[in-house]
1. Which of the three applies to the range 31-115, rounded, prolate or oblate, going by the alpha-carbon gyration tensor with a ≥ b ≥ c and a/c under 1.5 meaning rounded?
2. Compute the FRET efficiency between residue 161 and residue 127 as 1/(1 + (r/R0)^6), taking r as their Cβ-Cβ distance and R0 = 22 Å, and round to the nearest 0.05.
3. For residue 93 and residue 36 in the same chain, what is the full-extension length gain: residue separation times 0.36 nm, less their Cα-Cα distance, in nm?
4. Could you check the spin-label model distance between residue 109 and residue 171? Points 7 Å from the Cα along Cα→Cβ, value in nm.
5. What ranking do 146-152, 34-40 get when scored by the average of other Cβ atoms within 10 Å per residue, highest first?
6. In the range 39-144, what percentage of the DSSP-assigned beta bridges are antiparallel, given to the nearest 5?
7. Mind checking the full-extension length gain between residue 49 and residue 116? Use 0.36 nm per residue of separation minus the Cα-Cα distance, one decimal, nm.
8. Across the range 119-193, what fraction of all alpha-carbon pairs, as a whole percent, falls in each successive 5 Å bin from zero upward?
Ligand SMILES: [Cu+2]
């Protein structure tokens, strides 16, 4: 399944990927960090045979602030036009790809690449619609390897939009970096207050 997706993603001899991120502002009438935050996935794709593929898949609200103990929702956006699965996978900041070559290595699931952290979210014989929350270590979203997953549209069992909500259990003052293990140019940050 994953290999098929990668071929679909990298089918052109040239590769042009574009992402966009919208920073969320954070404010509260009481000066408290929000108890809830939502990260949406949106974007579309085009390609010209034997020339390039361009995908604008991106996180909407890629820079979020939430209180420790708050609820984070990860959800397909209303304008998403591609059927791909997505993950919101916590990684170390240094693991975020910064060059196309790093994306390619991550796509290929080379040993040790952070894209492997999101692999359990993807459909498999044991979990045909994938796993919504891979929770390593302590309960809740708090550390590297914790990973939310949205299913591909074809395996969504008729649910119009994939959606998963988890509790952010990281301590106040923690900064969690994340990316999509399927489209690792999709990147963001969670400030836990
Ligand atoms: Cu993605």
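1. Numbers: a/c = 2.74, a/b = 1.46, b/c = 1.87.
Verdict is oblate for the range 31-115.
2. Details: r = 19 Å, r/R0 = 0.88.
According to the calculation, E is roughly 0.70.
3. Details: separation 57, 0.36 × 57 = 20.52 nm, distance 2.32 nm.
Contour length minus Cα-Cα distance gives 18.2 nm.
4. 3.6
5. Values: 146-152: 25.4, 34-40: 17.3.
With the highest mean Cβ count within 10 Å placed first, the list reads 146-152, 34-40.
6. Values: 7 of 10 bridges.
The antiparallel fraction comes to roughly 70 percent.
7. Numbers: separation 67, 0.36 × 67 = 24.12 nm, distance 2.89 nm.
The residue 49-residue 116 span can extend by a further 21.2 nm.
8. Histogramming the range 119-193 at 5 Å steps yields 3, 15, 22, 25, 18, 11, 5, 1 percent.
A short reminder: the numbers here are calculations on the coordinates, not readings from a lab. As the structure is a computational prediction, the values presented were derived from the model and not from experiment. Please note: Cβ atoms are built from the backbone with ideal geometry, for glycine as well, and neighbour counts cover all protein chains shown.
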